[in-house]
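The values are calculated or read from the model by the stated rules, or taken from the named source; none is laboratory data. Given the structure is predicted, the values throughout are model-derived calculations rather than measurements. Cβ placement follows ideal geometry from the backbone for every residue including glycine, while neighbour counts extend to all protein chains displayed.
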Amino acid sequence: MKQYLVRVTSFVLPAVLMLIVQQALVLGIGLSAGTARESNRFQNLVPPDRRYYHGMFRVVFGKAMCYLMIYILMGAWLTIIVPRLFHYPCLAHWQDLLAIMLPYTLACIFFGMTVSCLVRYRENVMLIMVFVSVPLALMIEFVKKNAVTVTRKLLTHSEISVTPKNVSLFFLLL
């Protein structure tokens with residue numbers, strides 16, 4: 001029984017740790033956007049006086065780099081140090097894990113920025129993410145199976161020959 005529990009926890013732990021990074025990023029970005037909208041007179045994320053910002057790209061890129069500097073440390077802690085603290089098996093080197101965490105963290109950051117456009121008040125991000133994350137987590141397998149078949153159909157009719165795999169890179173390395 002103990003060996004079964006070790007196998008289950010070593011399989012579930014990486015997914016839970018990645019979910020922690022994603023939820024912390026989305027909730028943090030949404031809460032800061034809601035606070036900014038509440039404190040702003042016009043309830044916009046970017047104040048109307050834009051001459052200091054020199055374009056929207058600089059605002060989005062600056063916020064993304066700020067979040068990346070903070071959460072890449074959290075991602076390194078959760079993918080490198082925590083599994084080794086609890087003696088979980090890990091097949092990847094720390095360089096490979098960080099190479100995977102960089103695009104994953106950027107994807108979570110931009111997803112959080114996209115969700116923050118829907119948030120008018122601080123509390124709304126909690127309601128959105130709590131009620132949407134569970135159905136989305138349950139739909140992942142359905143989406144993966146259908147995405148592979150749709151991609152295969154699209155690629156057989158095009159000139160690109162790519163074989164889609166139904167294996168997540170992160171779980172393959174861990």
Study note, to complete from the structure: Per the filter on region 61-100, residues in contact (Cβ under 8 Å) with a residue 60 or more places away in the chain and either within 24 Å of residue 130 (Cα to Cα) or not acidic (Asp, Glu) (or both) are 78, 79, 82, 83, 86, 88, 89, 90, 91, 92, 97, 100
Point to revise | Of the criteria (1) over 25 Å from residue 126 (Cβ atoms); (2) modelled with pLDDT of 80 or more, which one residue 7 fails | key: (2)
Check your understanding: Out of region 113-135, which residues are modelled with pLDDT under 85 and loosely packed, with under 11 Cβ neighbours inside 10 Å?
Key -> 131, 134, 135
Check your understanding: Here is a list of conditions, (1) under 27 Å from residue 127 (Cα atoms); (2) surrounded by fewer than 12 Cβ atoms within 10 Å (Cβ to Cβ); (3) modelled with pLDDT of 80 or more; (4) not basic (Lys, Arg), and residue 25 meets all of them except one; can you say which number that is?
Key -> (2)
Check your understanding: In the set 70, 80, which member is closer than 20 Å to residue 26 by Cα and surrounded by 11 or more Cβ atoms within 10 Å (Cβ to Cβ)?
Key -> 70
